[in-house]
Each structure stands twice: as structure tokens, then as C-alpha cells.
Amino acid sequence: MRPSLLLAVPLLALATGCAHARPDDAAAAGRTALVIHGGAGVIERGSLDPQAERAIRATLQQALAAGGDVLAGGGAALDAVEAAVRVLEESPHFNAGKGAVFNAEGGHELDASIMEGHTRRAGAVAGVTTVRSPIRLARAVMEHSPHVMLAGGGAEAFADTRGEIERVPNDWFDTAPRRRALERAQRQAAAGREDAAAYFGTVGAVALDARGHIAAATSTGGMTNKKWGRVGDSPLVGAGTWADAGCGVSGTGWGEFYIRNAVAHDVCARMAYRGDSLATAAEAVVNGVVVEAGGDGGAIALDAQGNIAMPFNTAGMYRGWINPDGSRGVAIYADE
Ligand code: ASP
């Protein structure tokens, strides 16, 4: 940022008598940051074949590049999170879009939500079956309907009215590994056991743009072998996705626990109401509240200063980040 601009921010705050401007805000102006996830779950070293692991890391880098380029070009956090999530939706390695898990009937029902912090605008879809990019439809709900959330046949009917929303047959989302996961889950269910790997691979992104605005987005196929139109936390504003002026979160994990504990909102509320740091708030909710309730999973979060948190309590979480200083990375396992 030019020095004249750096000076202008505190001067403006003085001139307008603005009580909210803190030294931090001036220092943070112009910083950007991005954090993404590709799901938390039973991802242990040695459990991924090396070729799949390389492909997953490369796709995380591509998603970072897609969102990072938007931010570097002065674009909006909302555009950055959509761009990053769309790359992950297109990859068969993640449980969102292509590669979504199978429900109990052998089909796919997709959920997604997106939220912009400073305006509190939000859009969400649940149980859609023919929409290639559910995050794109969630954004269309936000921008082109008076509503926040549309579900099932109604969401499909809304998609019919939007020429830019690409449609595909439901079996376009099929992949062989997800079918094997369904067969395994159904064998285990028949034997009266829960499948420990019923979820993972949900995707999400949270971004801070140069104007200091935050957005968050999450997209998923939900849980393997789900039935009865089950909807998880991912499309629920406040549970799987949240953004406000100071903080944004996207969650991944056992969705019922994220809904009951309003996980994404709780992280940001702890910062707003108690003055907790991002790291303290995210850690307390994901590794405290969720675990004590009997759930598991992870979350990505960032604040208006560009601090990033990525807590999880599973063996791994696919994740990637670009810090305000431009340093970036991707990781899978807990020890990296
Ligand atoms: N949270 C998602 C759900 O419950 C699953 C996941 O994160 O993988 O639908």
C-alpha cells in the first residue's frame, strides 16, 4: 500500500470521529488471505495411494491459485471463495460436485452455502441432484432470489430459471471409490456397525480481500449412505458456514454435531463477544465443544487481520492457505 494511503486511514478516522477505527484496522488494510479445506476425516499416512495423494495436493494448490489470483487482482472475497470451491467441486477426489458420496439409494444429493461477512448476505441449497456446481447455485440464490436457502425440487426449479447454472445427469457425480465406500457402509450398517469413514472430503474456503471484507463457502455431498433427505451442516448458515465483518469459518465433520453447536457462528461469536483471538476461539469450539459433545471434524477460519486457524481432531484434514505475506502451503496429515 502507498504510504499516503496508510496515513489517510487514521486521518479519516480522526476527521469523522469514528470510534471503531483501531490501529490494527489501518495496519490490516490491503492485506489479503485465503484458507481452504477439502474435508477432515480418517486420512492416515499410508492410507492414500501415492498417486492419489499427489493429485490431491496438486488440486489443493490449484484451488489456492484460483482464489489467490482473485484476491491478488483486487477482487472480492466472495469471488475468491467461489473460485476456490469450484476447483474442488470439479475434482473427483473431494466429496463435493464430481466425486460426491452416494446416498442410500445410490444417488447424490448435494448441499452448499456461501456468505459475505460485511453485508451478511447468504445463499444456500440443499439436496440438489443435477447442478454441476452447487456453490454457484447457492450464490445465485443469494444474488437473484429474495431467499437464503432453497431445497430439493424447488432449488432445481430455481436453477431452471438461471441460464448460467450448468446441469448434469445425477450419475455424472459417480466415482468408483465412492461407490465402494457406499457398499462398505451398507455392509457395516447391515452388521449393526457405524462406518467410521462415513464422511470426509467436504470442501470449503474462507477469504479476506484487500478491502477488508470476508466471505466463506462450503460445498458437500454430505454423508455416505444418508437417507430420508438428510441435510448436514454444510448448507446451514451458522453451522457449517459463517462470515461477519471480523471473522469467517467453513466447517467439515460430523454435521449433526456442527448443527447442534452452531459451530461456525460460535467461533466468530467468541471473538465478537468475548474478545477471544481467532486461534483461541477456533480451538475451543472444534477441539473443545465438538469433541465434548461426541462429534469430530475440523474447520478453517480467518479474521480481518488475516490470521488463519485450521484446527481438527481427526487423523487428517485436506487444507491449504495463503498468508497475508504471500507464503502458502498445503497439508493433509496432523503432523505437517
Ligand atoms: N459436514 C458434512 C456433513 O455432515 C460432511 C463432511 O464434512 O465431510 O454433511
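Details
- When TRP321 is tested against the conditions (1) crowded, with 20+ Cβ neighbours inside 10 Å; (2) within 16 Å of the ligand (Cβ to nearest atom); (3) over 19 Å from ASP244 (Cα atoms), the lone failure is (2).
- Taking the listed residues GLY297, GLY306, the one that is touching a residue at least 12 places away in the same chain (Cβ under 8 Å) and either under 22 Å from ALA124 (Cβ atoms) or under 16 Å from the mean Cα position of the chain (by Cα) (or both) is GLY297, with no other qualifying.
- Residue that is surrounded by the most Cβ atoms within 10 Å (Cβ to Cβ) [pool: residues in the stretch 31-47 that are within 16 Å of the ligand (Cβ to nearest atom), over 14 Å from the mean Cα position of the chain (by Cα) and not small (Gly, Ala, Ser)]: ILE43
- Exactly one residue out of GLY107, GLY127, GLY123 is in contact with a helix residue (DSSP H, G or I) (Cβ under 7 Å, 6 or more places away or on another chain) and on the phi > 0 side of the Ramachandran plot: that is GLY127.
- Every test in (1) in contact (Cβ under 8 Å) with a residue 40 or more places away in the chain; (2) in contact with a helix residue (DSSP H, G or I) (Cβ under 6 Å, 6 or more places away or on another chain); (3) aliphatic (A, V, I, L, M) is passed by ALA181 save one, and that test is (2).
- Whether a residue is farther than 25 Å from ASP244 by Cα and touching a residue at least 40 places away in the same chain (Cβ under 8 Å) was assessed, and HIS108 passes this test.
- The stretch 61-88 residues that are of a type in the set (Val, Ile, Thr), paired with ones that are assigned to a loop (DSSP other than H, G, I, E, B) (beta carbon under 8 Å, 6 or more apart): VAL70/ALA76; VAL85/ALA96
- Of ASN261, ASN225, all but one fail to be surrounded by fewer than 24 Cβ atoms within 10 Å (Cβ to Cβ) and over 30 Å from ARG179 (Cα atoms); the exception is ASN261.
- Test set (1) at pLDDT 95 or above; (2) surrounded by fewer than 22 Cβ atoms within 10 Å (Cβ to Cβ); (3) within 13 Å of the ligand (Cβ to nearest atom); (4) of a type outside the set (Ser, Thr, Tyr) - GLU164 fails condition number: (3)
- Wholly within the stretch 216-294, helices (runs of 4 or more DSSP H) carrying at least 3 residues that are more than 13 Å from the ligand (Cβ to nearest atom): 263-274, 278-284, 290-293
- Any hit, the stretch 192-209, residues being farther than 17 Å from GLY41 by Cβ and touching a Lys or Arg at 6+ places or on another chain (Cβ under 8 Å): yes
- Number of the condition not met by ALA315 [criteria: (1) crowded, with 19+ Cβ neighbours inside 10 Å; (2) touching a residue at least 40 places away in the same chain (Cβ under 8 Å); (3) within 16 Å of the ligand (Cβ to nearest atom)]: (1)
- Among the residues of this structure, VAL206 counts as one that is within 18 Å of the chain's Cα centre (by Cα) and within 16 Å of the ligand (Cβ to nearest atom).
- Residues in the stretch 151-170 that are of a type outside the set (Gly, Ala, Ser) and more than 24 Å from the chain's Cα centre (by Cα) were compared, and the one that is farthest from ALA315 (Cα to Cα) is THR161.
- Matching option when the condition is surrounded by 24 or more Cβ atoms within 10 Å (Cβ to Cβ), farther than 18 Å from VAL35 by Cβ and of a type in the set (A, V, I, L, M), among ALA239, ALA207, ALA189: ALA239
The values are calculated or read from the model by the stated rules, or taken from the named source; none is laboratory data. The shown structure was predicted, so the numbers you read here are calculated from the model rather than taken from an experiment. Heads up, the Cβs are rebuilt from the backbone with ideal geometry, glycines too, and the neighbour counts pull from every protein chain shown.
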